[in-house]
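The values are calculated or read from the model by the stated rules, or taken from the named source; none is laboratory data. The model shown is predicted, which means the values in this text are computed figures rather than measured ones. Backbone-built Cβ (ideal geometry, glycine too); neighbour counts: all protein chains shown. Side chains included, ligands, DNA and RNA excluded: accessible areas come from the protein's heavy atoms. Shrake-Rupley method; radii C 1.70, N 1.55, O 1.52, S 1.80 Å.
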Number of protein chains: 2
Amino acid sequence: MTDALEAGSVIGILGGGQLGRMLSMAAARLGYRCHIYDPAPLPPAGHVAQKVVTAPWDDATALQNFAAGVDVITFEFENIPTATLDLLEPLRPIRPGRQALAVSQDRLSEKDFLRELGLPTAPYAPVATAAELDAALAKVGAPAILKTRRLGYDGKGQARLQSADDAAGALAVMQGAEAILEGFVTFSHEVSVIAARGLNGDVAAFDPGENLHRDGILRETRVPARLSPAQRSDAVLIAAKILNALDYVGVLGVELFVTAQGLVVNEIAPRVHNSGHWTQDGCAVDQFEQHIRAVTGLPLGDGGRYADVVMENLIGDDMDRLPELLKARDVALHLYGKPECRAGRKMGHVNHIQRPKG
Amino acid sequence: MTDALEAGSVIGILGGGQLGRMLSMAAARLGYRCHIYDPAPLPPAGHVAQKVVTAPWDDATALQNFAAGVDVITFEFENIPTATLDLLEPLRPIRPGRQALAVSQDRLSEKDFLRELGLPTAPYAPVATAAELDAALAKVGAPAILKTRRLGYDGKGQARLQSADDAAGALAVMQGAEAILEGFVTFSHEVSVIAARGLNGDVAAFDPGENLHRDGILRETRVPARLSPAQRSDAVLIAAKILNALDYVGVLGVELFVTAQGLVVNEIAPRVHNSGHWTQDGCAVDQFEQHIRAVTGLPLGDGGRYADVVMENLIGDDMDRLPELLKARDVALHLYGKPECRAGRKMGHVNHIQRPKG
């Protein structure tokens, strides 16, 4: 624990959404305090943080003052502007570091990085022009999906191509942004591994969860996932390989397709991950605490699962079910305190704790 | 849920120690925000609350402003000055209410109240003068313990009498304060029931825990407690009787001695209780959330235990064991973020989660 931040130290979190909120509560349980930086006023994380700074990502003075008040900086989402990071980096350690952000902010860099590690991904090719799209289609095949290289998530900035006939329409959706064409992978189900790497290089992984998406949004994660022992071991080794290659510090989410040919990496997220929320009610140390341990230099904790869990996101109208969920058995509620309930908005999640049979 | 506070409502908490801190985090999980009122600056609860007011208990303006900013008021300790409550009561609902506070702020009233309910307590008698102490000793017998009627906890303001010879010395410890002489009860062990009563009168209880004290401070709570099914049922019925008699809203802790003649009530605490901390890692809904549900008018939740737990307080030098606890298996850490570690100070607790055997 030589390098660990002392009790009472302050963690700066970039982004004050639900992930920042749950990170802040985990930090408190370890005796740390959190300051939140978010351009939007009244962020959900602000309800449970010692301080909130409301300022744009390009406000140099606000960023400098924020850095001066904290001992280490982390973030709840990967698309933080490069200029912001350039300004903060000389002032305080940013964990995980720039390399992880650079790789994951760009779908093409991410795929190239994974391939260089020898990890299987969907077939892909870069696309900036109509000619490149033709070439990419020839390489990847159709159907395929065209995605902007940057800032795309949850189905935004994406277009499906059933055949080459859809090329022009799909390219228009990109609005001139650099893109990547990805082929489809035939898979039976998707799993994800939430893994952590400590400041000292130790690696730990939670049990893989099985994810169910609808309309491009995660709906449910079930733990344990349907995986053979060999697949489970593969999943964890893939995550460890990525963490080590990035000299990573913190928690990382890796989404994997389960195929007849083995596991294929779908994408990585350099942060705590929605599919890891089950750990709050199934493990002594959850993904949020594990991330805080890593970025503060504490030893990683025991993420062993002591209960099976089904995590269910509460999105938009799902909140109508709240009265019933409040009365349900073995249901742990985690609401995000967002003021407005809109369609498609993640308002909270519940962990359905599965009691041992018999 | 007709009477329940809307999401985003604000709960005012009197007292910003570890109990207020854990209440604030539980409130956040239900979508509420908390404001903390505490005379001491930088209270631990302030790290995870939306707002902190630092002002004395007799600052009428600060109290009025505090009340104006919240929708309901609750508290983390029972010894709030009467004048403070007088000022707040007309402004916002205080839950649990005055009756519970009046009873529990005075050891004599508490014992009288319990006896009127037909509940067994240790033998006791009021003591204000040397003559009354003689009479009390004749009634209660020796050895016995003399306690101030008000503001005593964790062994402060108490004196043991091995025989009548100790009378004068014990009375001196009271420094003129009204006191109560309590006889000793021969018991095999102490248990406590953490129970809740909702705004609609529903009652729910967590499984009783078995408490281990050292030097007058709770060290450990083990769940399940050593109780026969009949004793367990008695314990819950006693708690329910108390809750209903007080028209109580919120969580209450009841300490019970297990004797050959049955359960004897030691004391009650009109708040979340140290011996209920195990619920954080053994139940889908813990005592803090249960309290918030009650005071906001939400339905009480399922407090069923899904794991056995040993809760261990970290007091003073116990913090030296932190490096080892951080690496231990099935240990959930809950630190309080207190700046100074002093002898006898509760710095945090750990829940040792007991996995099902085999």
Heavy-atom accessible area of region A:1-154 with neighbours in place, 1.4 angstrom probe: carbon+sulfur share in percent works out to 53
One finds, for A:A55 and A:R150 with R0 = 35 angstrom and r their Cβ-Cβ distance, a FRET efficiency to the nearest 0.05 of 0.95
Quick check: residue separation of B:I217 and B:R305 times 0.36 nm, minus the Cα distance between them. What number comes out in nm? 29.2 nm
In nm, one decimal, shortest first: how far is the label point of A:Q162 (7 Å from Cα along Cα to beta carbon) from the matching points in the other copies? 9.5
³J(HN,Hα) computed for each position of region A:39-53 - Karplus, 6.51 cos²θ - 1.76 cosθ + 1.60, integer Hz, glycine/proline x: x, 7, x, 6, x, x, 5, x, 5, 10, 10, 6, 8, 10, 10
Rank B:Q18, B:I180, B:V223 by how far each Cα sits towards the positive end of the charge dipole of chain B (+1 on Lys, Arg Cβ; -1 on Asp, Glu Cβ) and give me just the farthest. B:V223
Of A:K338/B:K346; B:K139/B:K241; A:K147/A:K241, which ones are farther than 32 Å apart at the Cα? A:K338/B:K346
Pick from A:D58, A:D106, A:D207 the residue whose mean-square fluctuation is largest in a GNM of chain A, springs joining Cα atoms under 10 Å. A:D58
Alpha-carbon centroid distance for the pair region A:114-184 / region A:238-293, whole angstrom: 25
Debye-sum result for the protein assembly as shown in log10 I(q)/I(0), which assumes one identical scatterer on each alpha carbon, at q = 0.08, 0.11 Å⁻¹: -0.66, -1.14
Per-residue HN-Hα couplings for region A:60-75 [Karplus 6.51, -1.76, 1.60; θ = phi - 60°; Hz; x = Gly/Pro]: 4, 5, 4, 5, 5, 5, 4, 4, 5, x, 10, 9, 8, 10, 9, 8
Can you find, among B:A67, B:H189, B:A168, the residue farthest towards the positive end of the dipole of chain B? Put +1 on the C-beta of Lys and Arg, -1 on that of Asp and Glu. B:H189
Can you work out ³J(HN,Hα) from phi for every residue in region A:233-249, in order, using Karplus 6.51 cos²θ - 1.76 cosθ + 1.60 and θ = phi - 60°, giving whole Hz and x for Gly and Pro? 5, 4, 4, 5, 5, 4, 4, 5, 4, 5, 4, 5, 4, 8, 6, 6, 10
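Could you calculate the FRET efficiency of A:T129 with A:R321 from 1/(1 + (r/R0)^6), where r is the beta carbon distance between them and R0 is 56 Å, rounded to 0.05?
0.75
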Rank-order A:325-333, B:70-78, B:282-290 by packing density, defined as the average count of other C-beta atoms within 10 Å over each peptide's residues, highest first. B:282-290, B:70-78, A:325-333
Tell me, in nm to one decimal, what length is gained between A:E178 and A:T259 on full extension, where the rule is 0.36 nm per residue of separation less the Cα-Cα distance? 26.3 nm
at B:R329 the sorted inter-copy label distances (label 7 Å from Cα on Cβ side), in nanometres, are 3.0
Counting sequence-distant residues (5 or more places) and residues on other chains, those with an amide H built under 5 Å from that of A:A55 are A:D38
Cβ charges +1 (Lys, Arg) and -1 (Asp, Glu), total dipole of region A:252-320, debye: 460
Whole-Å semi-axes of the ellipsoid equivalent to region A:10-94 (Cα gyration tensor, √5λ, descending): 19, 14, 11
Computed magnitude of the charge dipole of region A:200-332 (debye, nearest 20; Cβ of K, R +1, Cβ of D, E -1): 220
Can you list residues from other chains, or at least 5 along the same chain, whose modelled amide H is less than 5 Å from the amide H of B:V127? B:A179, B:I180, B:L181
Projecting the Cα atoms of B:H352, A:P270, B:L87 onto the charge dipole of the protein assembly as shown, where Lys and Arg contribute +1 and Asp and Glu -1 at Cβ, the residue farthest towards the positive end is B:H352
Just checking the output field for A:325-338: average partner chain Cβ neighbours within 10 Å of each residue's Cβ? 6
Heavy-atom accessible area per residue - region B:123-183, 1.4 Å, Å²: 52
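Only Lys, Arg, Asp and Glu count, each charged at its Cβ (+1, +1, -1, -1), so figure out the dipole size of the protein assembly as shown about its Cα centre, rounded to 20 debye.
That gives the protein assembly as shown a dipole magnitude of about 580 debye.
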Sort B:131-144, A:292-305 for me by packing, meaning the mean count of neighbouring Cβ atoms within 10 Å per residue, highest on top. A:292-305, B:131-144
What nm distances, shortest first, do you get from the label point of A:E6 to those in the other copies when the point sits 7 angstrom along Cα to Cβ? 4.5
